[in-house]
Amino acid sequence: MKTEFEVNALVSDILKAIRIAEEQAEKRISLAESEAKAIENNALLKRDTLMEEKVSAAEKRVQEIMKQVEKEVEEEISRIKGEVEKEVEKIISEGSKKVDEAVKVIVESIVGG
Amino acid sequence: MNTVEEEVIKEGIVEGEEEPESERLKKIKSKIEKDAEERAKQIIEKAKIRAKEIEEEAISKAEKRADEIVRRGLEEAERYKRRKLAEAKLRARQRKTQAREQLIEQAFQKANEKLKELTASSEYKGILERLIQKAAIGIGGGELEVLVPKGHEKHLKDISSIAEKVRSETKNPTSIIVSKETIDAIGGCLVRKKDRSIFIDNTFESIMERNIKELRVKVAKVIF
């Protein structure tokens, strides 16, 4: 049988030990919370990086598309120009042969009409 | 640890439970540690789930954003292509129109030269008389005067015969005199009433100007 003094001392020791255990538990939880925060922060950072990477890749893709389209347009314009110059040459070459006939029509319309 | 728990501990010690205090303390500590560990695991697990959600959401958002950028880029590229090609086609049409216009203009220039040459030919007298007659008939006869370019009056020595034809056509007594006043024109004439109330301009230039639209159509039909 323990004396009251011994019981109180023992209780005090036990409570002290429990308090220490609780403090350690709190530290563990606090550590876990920090770790959790770090995990979330890391995820947020990854999110931003991912967004930047995807956007950058998309912009690069758009630049490539534009370059390709510009090239296509340039080629097409060059083709149109070539074609039109041939047509103009033909118009002038064939038309020139008929100018004298047209002159007759004009003169006749003026002096004969 | 509240006072109730404290009392429970105390009672356990006083009643002399079989289990030694050290064992009981060990169990309590172990329980506290276990609970803390469990809670810590839950916190981390929750954070991992949240991180996974953030990542998945980020992938989805980033892909959506990237798709949108590419879609807009493609649309812009398509618009650019359409605009540039439309401009090029328009320029091509303009170039062809310009070439045709050049030929039409050339025909009119040559026609002017031809008309100049004509005024020096033997045909001109007849042409001039016809133009005077037409103008005089158009006015309806009467007392008329005719104006011609400088030097062209030499073709009009027999003006009375024109007056006679006009009288016959209009049934109106007609006299025509050649004015001393001259006109600035390649050829042709200007006929007016003596009182200057009516005139008809039958110079080559005026005839051409009056009929320019019709002439251009005719010329285009011949050339193209």
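Here, each number is a calculation from the coordinates, and none is a lab measurement. Values in this document were obtained by computation on a predicted structure and should not be read as measured data. Here Cβ is always computed from backbone atoms with ideal geometry, including for glycine, and neighbour counts include all displayed protein chains.
Structure data summary
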read-out: When each of A:K71/B:K52; A:K90/B:K213; B:K134/B:K213; A:K104/B:K84; B:K116/B:K180; A:K60/B:K84 is checked by Cα-Cα distance, pairs over 32 Å; value: A:K71/B:K52; A:K104/B:K84
read-out: Taking the stretch B:106-224 and dividing mean pair separation by its residue count, relative contact order in percent (alpha carbons under 8 Å, at least six apart); value: 29 percent
read-out: Cα-based shape type of chain B, given that a ≥ b ≥ c are square roots of the gyration tensor eigenvalues and the cut on a/c is 1.5; value: prolate
read-out: Unit charges on C-beta of K, R, D, E only; dipole of the stretch A:1-81, Debye; value: 160 debye
read-out: Calculated P(r) of the protein assembly as shown - Cα pairs past 37 Å, %; value: 64 percent
read-out: Inter-probe distance in nm under a simple model that places probes 7 Å from Cα toward Cβ, at A:S34 and B:A86; value: 6.5 nm
read-out: Cβ neighbours within 10 Å from other chains - mean over A:67-77; value: 4
read-out: In nm, spacing of pseudo-spin labels at B:E169 and A:N41 (7 Å Cα→C-beta vector); value: 10.8 nm
read-out: Cα gyration tensor, the stretch B:124-223 - rounded (a/c under 1.5), prolate or oblate; value: prolate
read-out: Two-site label geometry, B:K116 and A:K71: point separation in nm, points 7 Å out along Cα→Cβ; value: 5.7 nm
read-out: Debye log10 I(q)/I(0) at q = 0.17, 0.21 Å⁻¹ for the stretch B:67-179, Cα point scatterers; value: -0.87, -1.06
read-out: Student exercise, chain B dipole from Lys, Arg, Asp, Glu Cβ charges, in Debye to nearest 20; value: 3280 debye
read-out: Helix-only CD estimate at 222 nm, as mean residue ellipticity for the protein assembly as shown, using -39500 (n - 2.57) per DSSP H run (n ≥ 4); value: -29000 deg cm²/dmol
read-out: Largest-first ellipsoid semi-axes for the stretch A:8-113, taking √(5λ) over the Cα gyration tensor eigenvalues, angstrom; value: 97, 13, 4
read-out: The stretch B:22-66 pair-distance distribution - Cα-Cα, 10 Å bins, rounded %; value: 25, 25, 20, 15, 10, 5, 1
